[in-house]
């Protein structure tokens, strides 16, 4: 499943201009673009956004420092890849349910 930038704003609470800024300063954070040039975010990028938001807002990292922390944490992820995959699948399902509820409330 992929998400539009509007969906990402709804899911994460991070504004589009911040997401675009992070693309410039966070290594490895660059969502794909569809045929029309619109950003398309994967579940992995949603998880990354939540982690960046936590590091920047709660732990008071700079955006650049948060990016460096993410790179360091990626080594731990590689050592526990099966468990991480199960968590990602669960989060993806939860994100889909949230968006369905959110969109139903808009109607």
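Values in this text are rule-based calculations from the coordinates and carry no lab data. Worth saying up front: this structure is predicted, and the values here are computed from it rather than measured. No Cβ is skipped: glycine too gets one built from the backbone with ideal geometry, and neighbour counts run over all protein chains shown.
Using C-alpha pairs under 8 Å with a sequence gap of at least 6, the mean separation divided by the residue count of the stretch 15-107 gives a relative contact order of 23 percent. Rounded to the nearest 0.05, the FRET efficiency derived from the C-beta distance between residue 82 and residue 54 at R0 = 35 Å is 0.90. Peptides 94-104, 52-62 ranked from most to least packed, by the mean per-residue count of other Cβ atoms within 10 Å: 52-62, 94-104. Which one is right for this structure if log10 I(q)/I(0) by the Debye sum over Cα atoms at q = 0.11, 0.14, 0.15, 0.17 Å⁻¹ is calculated from it: (1) -0.46, -0.67, -0.74, -0.88; (2) -0.36, -0.59, -0.68, -0.87; (3) -0.29, -0.48, -0.56, -0.72? Recomputing log10 I(q)/I(0) by the Debye sum over Cα atoms at q = 0.11, 0.14, 0.15, 0.17 Å⁻¹ here gives the entry labelled (2).
Computed from Cα atoms, the angle from the helix 63-79 axis to the main principal axis of the chain rounds to 80 degrees. Averaging the Cα positions of each part gives two centres, and for the stretch 88-107 and the stretch 1-29 these lie 17 Å apart.
Exposure proxy for 41, 21: other Cβ atoms within 10 Å of each Cβ, ordered fewest to most, give 21, 41.
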